[in-house]
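Any read-out appearing in this document is the output of simple, stated calculations on the displayed coordinates, not a laboratory observation. Only a predicted model underlies this, so the values are computations on that prediction, with no experimental measurement involved. Here Cβ is always computed from backbone atoms with ideal geometry, including for glycine, and neighbour counts include all displayed protein chains.
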Amino acid sequence: MISRNSKLDLAAGYLRTAEHVVVFTGAGVSAESGIDTFRDDGGLWQEFPPEQFAHWQGILQTARRNPRRLASFVVHVLKPVAEAKPNAAHLAIAEAEKQTDITVVTQNVDGLHQEAGSTVVREIHGSLLEIVTLRRQFVRLLSRKRLARIVRWLNWAARSWLAVPLIPFALNPLAGLSWRGVVRPSAVLFGEGMMEPDWSDALADSCDCDVMLVIGTSGVVFPAAMLPFEARDNGVHIITIDPEDSGMGELWLQGTACEIVPELMKRAFGASDEAE
Ligand code: NAD
């Protein structure tokens, strides 16, 4: 059996000789920034079933029948994102851009790759920090400070039935009526199309790169999970980094994103300790 050390060296060699690297990330890359994955034990979908909270129809129904529960869901989603900072894995990926051509394709909606300094980021599932119209025209970006304020107001408004009428006001910077019509975060809900042009660009990048690093994704959310298979069909080396083996890669580096990514980038490019 090939040792962990040899696997890291092999993966580093692939990265060093690649002309274009795609880093494809999922919820796991942000877990060590304090944003839990949704599917793990005790994850968000156990407390808030996706049928009620991840589809427009379910959300509108919950808003009518139980606005306090909807407010509590929004708080559960927003609070960790409002408080998060890029971790060592996000930073090492951004730092490696100085050494090679890297495109980040992320399923995450937390904006942490950009905050770490990555400059080419395809957000195929949109973002909680980007507010758009119903036709997905850009309206504004929200800061984490602003998200934290929304969380505080929602927490307060959800506390008693008397404050329920204030929930729409608390939510308004995120979703509601504005001078541009109805606005919402660009984060993609179940049943909605992928963000464009990010998705088409991500498909093209996946076929065009030499190496794809797949970090912290279970590969069960489609169509996003197609990308490593598209890449593999085009002869791309697929390296997965995850505590669990998703079976997607030719090389699996077992461990968390923060354990593996900085070490891998250091072996590949001599990345500075600053990123760790
Ligand atoms: P998933 O929940 O299906 O899988 C998470 C994967 O991360 C698992 O394979 C798990 O073993 C792995 N993991 C857990 N901790 C890790 C760590 N510290 N380092 C590396 N890997 C770790 O996630 P998914 O495949 O991304 O699909 C979930 C969907 O939910 C995505 O579409 C995503 O948009 C959304 N989501 C986003 C965020 C976020 O923006 N941070 C958080 C949760 C969910």
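Can you find a residue in the range 200-222 that is surrounded by fewer than 19 Cβ atoms within 10 Å (Cβ to Cβ), away from the ligand (no atom under 16 Å from the Cβ) and under 20 Å from Val109 (Cα atoms)? Yes: the range 200-222 contains one or more residues that are surrounded by fewer than 19 Cβ atoms within 10 Å (Cβ to Cβ), away from the ligand (no atom under 16 Å from the Cβ) and under 20 Å from Val109 (Cα atoms).
Scan the range 41-53 and give yes if some residue there is of a type in the set (S, T, N, Q) and more than 19 Å from Arg152 (Cα to Cα), otherwise no.
The answer is yes, given that some residue of the range 41-53 is of a type in the set (S, T, N, Q) and more than 19 Å from Arg152 (Cα to Cα).
With respect to Ala63, is the statement that it is within 23 Å of Leu162 (Cα to Cα) and either among the charged types (D, E, K, R) or without any contact (Cβ under 8 Å) to a residue 40 or more places away in the chain (or both) true? So Ala63 passes the test. No other residue among Arg122, Arg68, Arg140, Arg136 is touching a residue at least 12 places away in the same chain (Cβ under 8 Å) and more than 24 Å from Asp36 (Cα to Cα) apart from Arg136.
Exactly one residue among Phe73, Phe53, Phe48, Phe38 is under 30 Å from Val164 (Cβ atoms), of a type outside the set (Val, Ile, Thr), within 10 Å of the ligand (Cβ to nearest atom) and touching a helix residue (DSSP H, G or I) at 6+ places or on another chain (Cβ under 6 Å), and that residue is Phe38.
The number of residues in the range 139-166 being hydrophobic (A, V, I, L, M, F, W, C), within 19 Å of the chain's Cα centre (by Cα) and exposed (fewer than 14 other Cβ atoms within 10 Å of the Cβ) comes to 1. For the range 54-70, taking the residues that are under 21 Å from Trp156 (Cα atoms) and under 23 Å from the mean Cα position of the chain (by Cα), the one that is surrounded by the most Cβ atoms within 10 Å (Cβ to Cβ) is identified as Leu70. Filtered by the rule that a residue be touching a helix residue (DSSP H, G or I) at 6+ places or on another chain (Cβ under 8 Å) and either outside any helix (DSSP H, G or I) or more than 28 Å from Ala116 (Cβ to Cβ) (or both), the range 143-154 gives a lone residue, Trp153. Any residue in the range 29-43 that is over 30 Å from Gly193 (Cα atoms), surrounded by 15 or more Cβ atoms within 10 Å (Cβ to Cβ) and small (Gly, Ala, Ser)? No: zero hits. No other residue among Glu250, Glu259, Glu230, Glu244 is touching a Leu at 6+ places or on another chain (Cβ under 8 Å), free of Cβ contacts under 8 Å to residues at least 60 places away in the same chain and not hydroxyl-bearing (Ser, Thr, Tyr) apart from Glu230. In this structure, Ser127 does satisfy being within 16 Å of the chain's Cα centre (by Cα) and either over 29 Å from Lys266 (Cβ atoms) or not in a helix (DSSP H, G or I) (or both).
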